[in-house]
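The next block holds one structure in the form of structure tokens; read it before the comments.
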Amino acid sequence: MCGIMGYVGSQQAGPILVDGLKRLEYRGYDSAGIAVNNGTIRVQKAEGKIANLQALLEKDALDGCIGIGHTRWATHGAPTDANAHPHADPSGEFVVVHNGIIENFQAIRDELAAAGAEFSSETDSEVLAHLVAREYDGDLVAAVRKTVALCEGAYAMVVISQREPEKIVAVRKISPLVIGLGEGETYLASDIPAVLHRTRDFLIIEDDEMVIVTAEGARVETIEGDPVVREVTHIDWDAEQAEKGGYDHFMLKEIHEQPTVIAETLQGRLDEDGTVWLEDVEFDDEYIADLTGVWITACGTAYHAGLIGQEIFRRVLRLPTNVEYAHELRYADPIIGPRELMIAISQSGETADTLAAARIAPDHGSRMLAITNVVGSTLSRYADDIFYTRAGPEISVASTKAYIAMLIAQYLLALRLGAARGTVDSELAQRVAHGLHRMPGAIEEVLSREHEAVAVAERIVDADDVYFIGRGLDYAIAMEGSLKLKEISYLHSEAMPAGELKHGTLALITDGVPVVVVLTQRAVYDKTISAVQEVKARGGMIIAVAYDTDTEIEKYAELVMRIPDMDDLLAPVAAVVPLQLLAYHVARLRGHDIDQPRNLAKSVTVE
Ligand code: M6R
């Protein structure tokens, strides 16, 4: 996720901007830059770490007391010097930094190019600088307002101009933006930690608001220009808490970011009627219609996401779909046909086994589609087609928000493939689209019931073993819930299909042994309840993840973690959240290092 920084006051802006960007490094980035106005705006920017930018500034510092800065996490275009922010219009008089995505940037770029504009980057952001310059008619605020009216998407945009050198104009549409208030100086940032050591008084900018920042303070308006009265928020957090958005751990912060992650991963890709738009997926309807099967390969949590994909593809596409651990597939000598699509899933895009398995595809003449969170990752470079999830950098070793984004990716792929194969009719397409668009709200609802997961955590914290069961999609969620619990709480856990219990594991179910059952699949509800009864009969402690309206489970379960009623096909997205929270709270009660569990690395780049 990109970082934004701005400063206007009486000190040199350059060092303050760089310092702020360094304090936003935890957000992840692949290039950095600043622009400072001293009558003329000058820009310095560099691919890679902020140290590269600092090396440039040591040789050629930027003089001036007003400026903007940016750390970029690549979305459109590779991480290069040219694609780094800030971006200027051709005259260099209007300079912009931007977080988020301008969905209709290609149409705007084509229009500007047709009028003779030349671009120096591949980014969607550069069109903003061109538009502000084009719309400028003696009033920077009006030019920014007109620019915003032309753009679709979710973003934060910050503009400075030589024409009005005393101000910074910024707009927020979903991507975060805060204003730090100093004495005769004002700061602007995408996140509080950037300037928390300079001020504790902030204006939090809301969606669809604009802010005009000068050394004397900030004026907040709606995007339409109506005045907004915003109270000053005084922040008491320390710097470490601030990086975590006030949460105790990155994992909890990332769990709570999931509604936004879903909204961003869907942004611009799914119409209300279920039509799907995928920018880096090149294959056409003819290719899709000819497909005879799908292979999904991945490791760990990404593999569990693949299990959900497998079930969705089988159900929705009626297409044979295999999901294989990448470390198994790479040595399995699989029989993959040229008309089978390989999907490799990896948050980092750098997992060695996943890369090796993905490379099998071209040997068999089949296409490889990558689902990854990291633009320019090795997996994305190997891929024929790419679905970039937009989860932002995931810092906690235990994957949560990246997993949810992988699920969303696969629902969209299923709709795209199903439309071309004729297996998804308009009723199903609309139903899924409707459910996905409502999902951020549903996840907010689940997050508001965190106390239910805390209550379960308190009951199982001293257990020796925990079992997770479910059927179909619920089994796949049980797998993920079990992995989450074991990797951060070090409590032994195991997941299995509910029907498998009686084939062996039931021998381990005695008085008080916790068994977590996931119960969202109505078609097999009664079958799963049979397994629940088997556990209950042996004295096991039933803990359930169930819909709000499921009263039957209360007969058996000691504790229930509720999710709102929804389409069974989409329920995995909601059902995993209580299990993530459960894992988190058990680990917290056990006093573990939650974000850095023992023996594990965020990215497993060795075999
Ligand atoms: O970066 P990847 O998605 O390829 O990583 C795969 C696994 O290593 C990863 O999901 C791992 O299982 C996590 N620690 C799970 O929380």
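The values are calculated or read from the model by the stated rules, or taken from the named source; none is laboratory data. All of these numbers come straight from a predicted model, not from anything done at the bench. Reconstructed Cβ throughout: ideal geometry from the backbone, glycine too, with neighbour counts over all protein chains shown. Remember, those area values only see protein heavy atoms, side chains included, never the ligands or the DNA or RNA. Shrake-Rupley method; radii C 1.70, N 1.55, O 1.52, S 1.80 Å.
Ligands, DNA and RNA aside, residue 234 has an accessible area near 110 Å² when probed at 1.4 Å.
Distance cut-off 18 Å, Cα to Cα: go down the list 49/173; 244/401; 45/602; 22/401; 401/484; 253/602 and report the pairs above it. The answer is 49/173; 45/602; 22/401. Legend: residues 480, 25, 118, sorted from most to least accessible area (1.4 Å probe; ligands, DNA and RNA excluded), read 118, 25, 480. At q = 0.14, 0.16 Å⁻¹ the log10 of I(q)/I(0) for segment 217-320 amounts to -0.91, -1.03, computed by Debye summation with a single uniform scatterer per C-alpha, solvent ignored. Within the accessible area of the chain, the carbon and sulfur atoms contribute 48%, probe 1.4 Å, all protein chains present. Above 27 Å lies some portion of the pair distances; for segment 111-258, what is it as a whole percent of all C-alpha pairs? Roughly 29 percent, once rounded to a whole number. Once the gyration tensor of the Cα atoms in segment 252-443 is diagonalised, the equivalent ellipsoid follows with semi-axes of 24, 22, 13 Å, ordered largest first.
Think of the chain as having a plus end and a minus end, set by charges on the Cβ of Lys, Arg, Asp and Glu; of 261, 148, 521, 521 sits farthest toward the positive end of this dipole. The largest accessible area among 313, 119 belongs to the first residue in 119, 313, and the rest follow in falling order (1.4 Å probe, all chains).
Can you work out the accessible area per residue across the chain, with the rest of the protein chains kept in place, probe 1.4 Å, in square angstrom?
Numbers: 22530 Å² over 607 residues.
In whole numbers, the chain has 37 Å² accessible per residue.
Each distinct pair of alpha carbons in segment 1-132 adds a 1/r term; the inverse of their mean, the Kirkwood radius, is 14.7 Å.
On alpha carbon coordinates alone, what is the Rg over Rh value for segment 514-601, Rh being the Kirkwood radius? Intermediate values should be presented prior to the final figure.
Numbers: Rg = 14.8 Å, Rh = 14.3 Å.
My calculation puts Rg/Rh at 1.04.
Values of log10 I(q)/I(0) for segment 53-111 across q = 0.14, 0.21, 0.27 Å⁻¹ run -0.51, -1.07, -1.46, by the Debye formula with one identical scatterer at each alpha carbon and no solvent. Among DSSP beta bridges whose residues both lie in the chain, state the antiparallel percentage, nearest 5. If we restrict to bridges inside the chain, about 60 percent are antiparallel.
Rg over Rh for the chain works out to 0.99, both radii taken from alpha-carbon positions and Rh defined as the Kirkwood radius. Look at where the Cα atoms of segment 441-470 and of segment 170-220 average out, and the two centres are 37 Å apart. Remark: C-alpha extents of segment 468-529 on the principal axes read 34, 23, 18 Å, sorted largest to smallest.
Residues 530, 377 ordered from highest to lowest accessible area at a 1.4 Å probe: 530, 377. Computed over the alpha carbons of segment 268-373, Rg followed by Dmax gives 13.6, 43 Å. In the chain, the DSSP-assigned H stretches of four residues or longer account for a calculated mean residue ellipticity at 222 nm of -10500 deg cm²/dmol, using -39500 (n - 2.57) per stretch and the full residue count as denominator.
Averaging over all projection directions, the Cα-based convex hull of segment 435-587 occupies 7.8 nm² in the image plane.
As a length-normalised measure over Cα pairs under 8 Å and 6 or more apart, the relative contact order of segment 449-590 settles at 33 percent.
Helix 13-23 axis versus longest C-alpha principal axis of the chain: approximately 10°, rounded to the nearest ten.
Normalised by the residues of the chain, what does the relative contact order come to in percent, with Cα pairs under 8 Å and at least six apart?
Values: 1362 pairs, mean separation 63.8, N = 607.
Once divided by the residue count of the chain, the mean separation gives 11 percent.
Each residue of segment 31-40 was assigned a 3J(HN,Hα) from its phi angle through the Karplus expression (A = 6.51, B = -1.76, C = 1.60, θ = phi - 60°), giving 7, 8, x, 9, 10, 10, 9, 9, x, 10 Hz with x at Gly and Pro.
Using a probe of 1.4 Å on the protein chains alone, the accessible area found for residue 549 is around 100 Å². Each Cα pair under 8 Å and six or more residues apart adds its sequence gap; the mean of these over the residue count of segment 130-246 is a relative contact order of 20 percent. Rg/Rh for segment 3-243 stands at 0.93; both radii use Cα atoms, and Rh follows the Kirkwood definition. Of all DSSP beta bridges in segment 252-443, what percent run antiparallel (nearest 5)? The antiparallel proportion sits near 5 percent.
How big is the shadow of the Cα convex hull of segment 262-305, averaged over all directions, in nm²?
Dividing the Cα hull surface by four gives the mean projection, 4.7 nm².
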